[in-house]
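Notes follow once the structure below has been shown.
The values are calculated or read from the model by the stated rules, or taken from the named source; none is laboratory data. Worth saying up front: this structure is predicted, and the values here are computed from it rather than measured. We place every Cβ from the backbone using ideal geometry, glycine too, and count neighbours over all the protein chains shown. These area figures cover heavy atoms from the full protein model, side chains too; ligands, DNA and RNA do not enter into them. Shrake-Rupley method; radii C 1.70, N 1.55, O 1.52, S 1.80 Å.
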Amino acid sequence: MESFLTDEVIPVRLATTGRTGAMVQSMWFDYRDGFIWCSTQADSILVRRLRHDPRAGFEVAPDAPPYHGVRGRAITDIVHLGAADVLDRLIDKYLDDPTSNLARWLRSRRTTEVALRLNPLTRHSWDYSARMSS
(Lines give C-alpha, C1' and ligand atoms only; values in the text may rest on other atoms or scores of the structure.)
Protein backbone atom coordinates (compact mmCIF):
# COMPACT_ATOMS: atom_id res chain seq x y z
CA MET A 1 0.00 0.00 0.00
CA GLU A 2 2.80 2.40 0.91
CA SER A 3 4.57 2.12 -2.45
CA PHE A 4 1.29 2.25 -4.38
CA LEU A 5 0.22 5.46 -2.63
CA THR A 6 3.69 6.97 -2.99
CA ASP A 7 4.17 6.12 -6.68
CA GLU A 8 0.69 6.43 -8.20
CA VAL A 9 0.00 9.57 -10.26
CA ILE A 10 -3.79 9.56 -10.33
CA PRO A 11 -6.20 11.63 -8.23
CA VAL A 12 -7.55 10.55 -4.88
CA ARG A 13 -11.33 10.52 -4.62
CA LEU A 14 -12.53 12.16 -1.40
CA ALA A 15 -16.03 11.64 -0.04
CA THR A 16 -17.43 14.15 2.47
CA THR A 17 -20.83 14.88 3.92
CA GLY A 18 -22.66 18.15 4.33
CA ARG A 19 -26.10 19.67 4.74
CA THR A 20 -27.01 18.77 1.17
CA GLY A 21 -25.69 15.20 1.35
CA ALA A 22 -22.60 13.35 0.22
CA MET A 23 -20.07 14.70 -2.27
CA VAL A 24 -17.20 12.94 -4.02
CA GLN A 25 -14.35 15.08 -5.30
CA SER A 26 -11.17 14.11 -7.14
CA MET A 27 -8.01 15.79 -5.90
CA TRP A 28 -4.32 15.66 -6.68
CA PHE A 29 -2.50 14.08 -3.75
CA ASP A 30 0.93 13.42 -2.32
CA TYR A 31 1.51 10.59 0.14
CA ARG A 32 4.17 11.33 2.77
CA ASP A 33 4.92 9.96 6.22
CA GLY A 34 1.61 8.10 6.44
CA PHE A 35 -0.55 11.10 5.45
CA ILE A 36 -2.39 11.88 2.22
CA TRP A 37 -1.80 15.55 1.36
CA CYS A 38 -4.01 17.63 -0.94
CA SER A 39 -4.25 21.34 -1.66
CA THR A 40 -7.23 23.58 -2.35
CA GLN A 41 -8.52 27.10 -1.87
CA ALA A 42 -9.43 28.09 1.69
CA ASP A 43 -12.94 29.15 0.64
CA SER A 44 -13.76 25.97 -1.33
CA ILE A 45 -16.87 23.90 -0.69
CA LEU A 46 -14.62 20.99 0.29
CA VAL A 47 -12.94 23.04 3.03
CA ARG A 48 -16.31 24.28 4.31
CA ARG A 49 -17.53 20.68 4.55
CA LEU A 50 -14.36 19.52 6.31
CA ARG A 51 -14.55 22.38 8.83
CA HIS A 52 -18.04 21.13 9.72
CA ASP A 53 -17.05 17.44 9.76
CA PRO A 54 -13.38 16.45 9.30
CA ARG A 55 -14.21 12.83 8.43
CA ALA A 56 -13.62 11.74 4.85
CA GLY A 57 -13.65 8.58 2.82
CA PHE A 58 -10.92 8.17 0.22
CA GLU A 59 -10.02 5.94 -2.69
CA VAL A 60 -6.97 5.81 -4.93
CA ALA A 61 -7.63 3.46 -7.86
CA PRO A 62 -7.12 3.61 -11.61
CA ASP A 63 -10.22 3.43 -13.80
CA ALA A 64 -8.84 0.77 -16.16
CA PRO A 65 -8.42 -2.97 -15.51
CA PRO A 66 -6.94 -4.81 -13.83
CA TYR A 67 -8.75 -3.18 -10.93
CA HIS A 68 -6.67 -2.45 -7.84
CA GLY A 69 -6.31 0.30 -5.31
CA VAL A 70 -6.50 1.56 -1.74
CA ARG A 71 -9.51 2.97 0.09
CA GLY A 72 -10.34 3.91 3.62
CA ARG A 73 -11.54 6.50 6.12
CA ALA A 74 -9.59 9.48 7.42
CA ILE A 75 -9.71 12.47 9.70
CA THR A 76 -8.69 15.63 7.88
CA ASP A 77 -6.74 18.59 9.22
CA ILE A 78 -6.84 21.92 7.38
CA VAL A 79 -3.27 23.25 7.42
CA HIS A 80 -2.31 26.82 6.52
CA LEU A 81 1.42 26.72 7.25
CA GLY A 82 3.30 25.14 4.34
CA ALA A 83 0.27 24.96 2.03
CA ALA A 84 2.22 26.60 -0.80
CA ASP A 85 4.89 23.89 -0.50
CA VAL A 86 2.23 21.18 -0.79
CA LEU A 87 0.84 22.94 -3.88
CA ASP A 88 4.33 23.03 -5.44
CA ARG A 89 4.82 19.29 -4.80
CA LEU A 90 1.47 18.53 -6.43
CA ILE A 91 2.24 20.68 -9.48
CA ASP A 92 5.61 18.93 -9.87
CA LYS A 93 3.96 15.51 -9.54
CA TYR A 94 0.95 15.99 -11.83
CA LEU A 95 2.01 18.48 -14.49
CA ASP A 96 4.58 17.65 -17.17
CA ASP A 97 5.46 21.34 -17.46
CA PRO A 98 5.70 23.15 -14.09
CA THR A 99 5.87 26.47 -16.00
CA SER A 100 2.62 25.91 -17.93
CA ASN A 101 -0.26 28.36 -17.86
CA LEU A 102 -2.13 26.08 -15.44
CA ALA A 103 0.87 25.88 -13.09
CA ARG A 104 1.29 29.68 -13.17
CA TRP A 105 -2.43 30.18 -12.48
CA LEU A 106 -2.41 27.73 -9.56
CA ARG A 107 0.67 29.40 -8.06
CA SER A 108 -0.89 32.85 -8.49
CA ARG A 109 -3.51 31.81 -5.89
CA ARG A 110 -1.06 30.37 -3.35
CA THR A 111 -1.76 33.03 -0.69
CA THR A 112 -5.31 31.67 -0.26
CA GLU A 113 -4.34 28.00 -0.55
CA VAL A 114 -4.65 25.51 2.32
CA ALA A 115 -3.29 22.00 2.60
CA LEU A 116 -5.49 19.08 3.58
CA ARG A 117 -3.74 16.44 5.67
CA LEU A 118 -5.70 13.20 5.68
CA ASN A 119 -4.78 10.93 8.56
CA PRO A 120 -6.02 7.47 7.52
CA LEU A 121 -7.95 5.68 10.26
CA THR A 122 -8.48 2.61 8.11
CA ARG A 123 -6.92 1.47 4.84
CA HIS A 124 -7.84 -1.49 2.69
CA SER A 125 -6.30 -2.60 -0.57
CA TRP A 126 -7.56 -4.84 -3.34
CA ASP A 127 -6.01 -6.26 -6.49
CA TYR A 128 -8.01 -8.27 -9.02
CA SER A 129 -5.07 -8.75 -11.41
CA ALA A 130 -5.03 -12.54 -10.97
CA ARG A 131 -8.77 -12.82 -11.67
CA MET A 132 -8.64 -10.53 -14.67
CA SER A 133 -5.59 -11.94 -16.47
CA SER A 134 -6.33 -13.62 -19.77
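Points worth noting:
- Accessible surface, per residue, of the chain when the full set of protein chains is kept, probe 1.4 Å, Å²: 58 Å²
- Backbone geometry of region 65-79 corresponds, through the Karplus equation with coefficients 6.51, -1.76 and 1.60 at θ = phi - 60°, to 3J(HN,Hα) couplings of x, x, 6, 7, x, 9, 9, x, 10, 8, 9, 10, 9, 9, 10 Hz, x marking Gly and Pro.
- Area of Glu59 that stays accessible when all protein chains are in place (1.4 Å probe, Å², to 10): 40 Å²
- Between region 17-48 and region 87-116, the alpha-carbon centres lie 16 Å apart.
- Check: the chain dipole with +1 on Lys, Arg Cβ and -1 on Asp, Glu Cβ, in debye: 600 debye
- Carbon plus sulfur fraction of accessible area for the chain, probe 1.4 Å, in percent: 52 percent
- For region 16-56, the residues whose amide N sits under 12 Å from a probe point set 7 Å from the Cα of Lys93 along the beta carbon direction are 27-39.
- Convex hull projection area averaged over all views, the chain, Cα basis, nm²: 9.1 nm²
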